[in-house]
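Colleague: Dropping a structure here in structure tokens format, bear with me for questions.
The values are calculated or read from the model by the stated rules, or taken from the named source; none is laboratory data. Predicted model only: the values in this text are computed from it and were never measured. Heads up, the Cβs are rebuilt from the backbone with ideal geometry, glycines too, and the neighbour counts pull from every protein chain shown. Just so you know, the surface numbers come from the protein's heavy atoms only, side chains and all, with ligands and any DNA or RNA stripped out. Shrake-Rupley method; radii C 1.70, N 1.55, O 1.52, S 1.80 Å.
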Amino acid sequence: HCWTYDLDGTLKVVPREHEFPGLDKSKRGLVSLRCEQWGNLIFVNRNANAQPLLDYLGPLTRDLADFDLGNIKLFKKVTKDIGCNWKVLIDAFQEIYHFQQVHPQTINLMLDNRRPSFALYPNGHSRLIVPKRTDTQLEAQVLDRGRSAGAAEHELTREAARTYTVFPNIIAAGAEFQWPLMVYWPTGVNTSRLEIYYLAPAGHDDPDSQACQEVVAAFDYVTIEDLSTLRGVQESMESEAFRSIPLSNMERRIYQHHEEIDRVIGADKIPSRYRVAPLMKPFEEA
């Protein structure tokens with residue numbers, strides 16, 4: 001009806017306003033939502049009582065300080081609809097146990113999954129660092145290219161892959177230059193959507209550059225390898241034979257993620273057979 005609002009949400013114009021006797025436009029503005037930034041990443045929160053964003057993120061703001069998030073730009077976005085529950089989807093990106101079987105000729109030749117480092121943080125956040133391999137031609141080429149230029153504070157990123165889970169549904173696979181930030185959304189009980197935001201610092205964000213195109217192509221190929229298995233996982237979970245899934249020490253981030261989901265929902269609202277036992281709190285780092 002062409003009611004018009006100012007940029008701050010104030011109701012400014014109502015056509016034929018005389019037809020609304022007693023209308024107080026000051027009480028009919030748009031509803032305000034909390035909007036906070038982590039560098040150039042913008043978060044909108046519908047909970048007016050939630051803790052401030054940077055407090056909620058906690059150690060993540062320290063861990064990712066070298067990425068200079070206030071200087072990053074979006075150079076490409078990709079959306080994929082997946083035939084599995086959103087937790088199945090995000091679980092696949094929180095562990096490296098599957099590398100040899102799912103990525104034998106790609107990530108498995110680039111990262112040494114025998115020497116990972118895990119960190120569990122409060123509020124369900126976590127970190128994974130996997131050293132890069134130097135014993136394969138594929139990773140040696142990538143590593144040499146990374147060492148040829150770059151700031152000293154990015155040495156860890158050049159020597160290892162760094163991945164962070166931002167609870168509940170974000171995974172950032174940070175790198176010195178171009179890197180993907182993934183957001184996982186439920187679209188149904190057994191369907192989900194993966195949004196991939198490709199980010200880069202200013203000066204490295206030309207989508208037509210060879211570097212940007214190589215990162216997108218390589219990550220898309222690896223993602224296809226992951227997604228090729230997930231429909232089968234969903235079908236297995238829906239079968240009458242399904243009972244539960246045991247997790248290894250290498251999958252502790254998955255366990256923490258499901259534990260935090262239970263905590264946020266409220267354990268008293270979840271049938272006991274669907275809950276996970278709270279075990280991870282003693283292992284969280286400040």
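Colleague: Taking region 139-158 on its own, how many of its residues are modelled with pLDDT of 65 or more and open to solvent by 60 Å² or more (accessible area, probe 1.4 Å)?
Modeller: Of the residues in region 139-158, 4 are modelled with pLDDT of 65 or more and open to solvent by 60 Å² or more (accessible area, probe 1.4 Å).
Colleague: If we scan region 256-264, do we find a residue that is in contact with a strand residue (DSSP E or B) (Cβ under 8 Å, 6 or more places away or on another chain) and either at positive phi or open to solvent by less than 50 Å² (accessible area, probe 1.4 Å) (or both)? Show your work before the answer.
Modeller: The initial filter retains those residues of region 256-264 that are in contact with a strand residue (DSSP E or B) (Cβ under 8 Å, 6 or more places away or on another chain), namely 256-257.
This time we only want the ones that are either at positive phi or open to solvent by less than 50 Å² (accessible area, probe 1.4 Å) (or both), so: 256-257.
Scanning region 256-264, I find at least one residue that is in contact with a strand residue (DSSP E or B) (Cβ under 8 Å, 6 or more places away or on another chain) and either at positive phi or open to solvent by less than 50 Å² (accessible area, probe 1.4 Å) (or both), so the answer is yes.
Colleague: Moving to a separate point now. So which residues in region 9-34 are modelled with pLDDT of 95 or more, closer than 30 Å to I170 by Cα and open to solvent by 70 Å² or more (accessible area, probe 1.4 Å)? Working first, answer last.
Modeller: Here is the first cut: in region 9-34, the ones modelled with pLDDT of 95 or more are 9-30.
Subset that is closer than 30 Å to I170 by Cα: 9, 30.
If the condition is that a residue be modelled with pLDDT of 95 or more, closer than 30 Å to I170 by Cα and open to solvent by 70 Å² or more (accessible area, probe 1.4 Å), then L30 is the only one that fits.
Colleague: For region 2-18, give me each residue that is in a loop (DSSP other than H, G, I, E, B) and at negative phi. Even if it seems obvious, please write down each step before you answer.
Modeller: Residues of region 2-18 that are in a loop (DSSP other than H, G, I, E, B), as a first pass: 2-3, 6-10, 14-16.
Across region 2-18, the qualifying residues are W3, D6, L7, D8, T10, V14, P15.
This table checks each residue for (1) surrounded by 16 or more Cβ atoms within 10 Å (Cβ to Cβ); (2) over 29 Å from T79 (Cβ atoms); (3) touching a residue at least 60 places away in the same chain (Cβ under 8 Å).
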position: A200; (1), (2), (3): yes, no, yes
position: D208; (1), (2), (3): no, no, no
position: S272; (1), (2), (3): no, yes, no
position: P278; (1), (2), (3): no, yes, no
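Colleague: Among the residues of region 19-77, which ones are among the charged types (D, E, K, R) and either in contact with a strand residue (DSSP E or B) (Cβ under 7 Å, 6 or more places away or on another chain) or assigned to a loop (DSSP other than H, G, I, E, B) (or both)? Step through it out loud before you land on a result.
Modeller: Going through region 19-77, the residues among the charged types (D, E, K, R) turn out to be 19, 24-25, 27-28, 34, 36, 46, 55, 62-63, 66, 68, 73, 76-77.
D24, K25, R28, R34, E36, R46, D63, D68, K73, K76, K77 - these are the residues of region 19-77 that are among the charged types (D, E, K, R) and either in contact with a strand residue (DSSP E or B) (Cβ under 7 Å, 6 or more places away or on another chain) or assigned to a loop (DSSP other than H, G, I, E, B) (or both).
Colleague: Another one. Tell me which residues, restricted to region 176-192, are surrounded by fewer than 19 Cβ atoms within 10 Å (Cβ to Cβ) and either within 12 Å of the chain's Cα centre (by Cα) or within 12 Å of I129 (Cα to Cα) (or both).
Modeller: Result: V183, W185.
Colleague: Across region 118-136, what is the total count of residues that are touching a residue at least 40 places away in the same chain (Cβ under 8 Å), open to solvent by 20 Å² or more (accessible area, probe 1.4 Å) and not in a helix (DSSP H, G or I)?
Modeller: So the first thing to find is which residues in region 118-136 are touching a residue at least 40 places away in the same chain (Cβ under 8 Å), and the list is 118-128.
Filter once more, so that each one left must be open to solvent by 20 Å² or more (accessible area, probe 1.4 Å): 118, 122-123, 127.
Applying the additional criterion that residues be not in a helix (DSSP H, G or I) yields 118, 127.
The qualifying residues number 2.
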